[in-house]
1. Quick check: is even one residue across the stretch 4-26 modelled with pLDDT of 95 or more, in contact with a Lys or Arg (Cβ under 7 Å, 6 or more places away or on another chain) and not aromatic (Phe, Trp, Tyr)?
2. Of all residues being in a helix (DSSP H, G or I) and in contact (Cβ under 8 Å) with a residue 24 or more places away in the chain in the stretch 20-33, which is nearest to Met1 (Cα to Cα)? Just the residue, please.
3. Just one of (1) touching a helix residue (DSSP H, G or I) at 6+ places or on another chain (Cβ under 9 Å); (2) open to solvent by less than 60 Å² (accessible area, probe 1.4 Å) trips up Gly11, so point out which.
4. Which residue is nearest to Ser68 (Cα to Cα), if the candidates are limited to the stretch 1-19 and must be free of Cβ contacts under 8 Å to residues at least 12 places away in the same chain and either in a helix (DSSP H, G or I) or under 9 Å from the mean Cα position of the chain (by Cα) (or both)?
5. If you go through the stretch 34-48 one residue at a time, do you hit one that is of a type in the set (Gly, Ala, Ser) and either in contact with a Phe, Trp or Tyr (Cβ under 6 Å, 6 or more places away or on another chain) or assigned to a helix (DSSP H, G or I) (or both)?
6. Quick one: in the stretch 43-70, which of the residues that are exposed (fewer than 10 other Cβ atoms within 10 Å of the Cβ) and aliphatic (A, V, I, L, M) is farthest from Ala19 (Cα to Cα)?
Amino acid sequence: MIKITIDQVMGEHETIHYATDLADATGLSYEHIAKIVRGDLMSVKLDTLDRICQALNCDVGDLMTCISDN
């Protein structure tokens, strides 16, 4: 199972702390960012991940983690 950890990365970022901040920084809608952060989407475009990584100055691996289903 994939666990989204974008909220943790935002919490550690200097200026981006909320989904609204991330939406502004990426040019993506708040609704789309909120769905990603909550884990409500089954897929996310690579371009979207790239925009989030650019805004948060991080790697894709910082945004999510794979955890065992056991």
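1. yes
2. Per the criteria, the residue is Leu22.
3. (1)
4. Here is the first cut: in the stretch 1-19, the ones free of Cβ contacts under 8 Å to residues at least 12 places away in the same chain are 8, 11-12, 14-15, 17-18.
Still in the running and either in a helix (DSSP H, G or I) or under 9 Å from the mean Cα position of the chain (by Cα) (or both): 8, 11-12.
On the way: Gln8: 20, Gly11: 25, Glu12: 25 Å.
Step by step, filter the stretch 1-19, then rank; the result is Gln8.
5. yes
6. Looking at the filtered set, the residue picked out is Ile67.
The values are calculated or read from the model by the stated rules, or taken from the named source; none is laboratory data. Predicted model, so just to flag it, every value in this text is computed and none were measured. Virtual Cβ from ideal backbone geometry, glycine too; neighbours counted across all protein chains shown. Note: accessible area is taken over every heavy atom of the protein model, side chains too, but ligands, DNA and RNA are not part of it. Shrake-Rupley method; radii C 1.70, N 1.55, O 1.52, S 1.80 Å.
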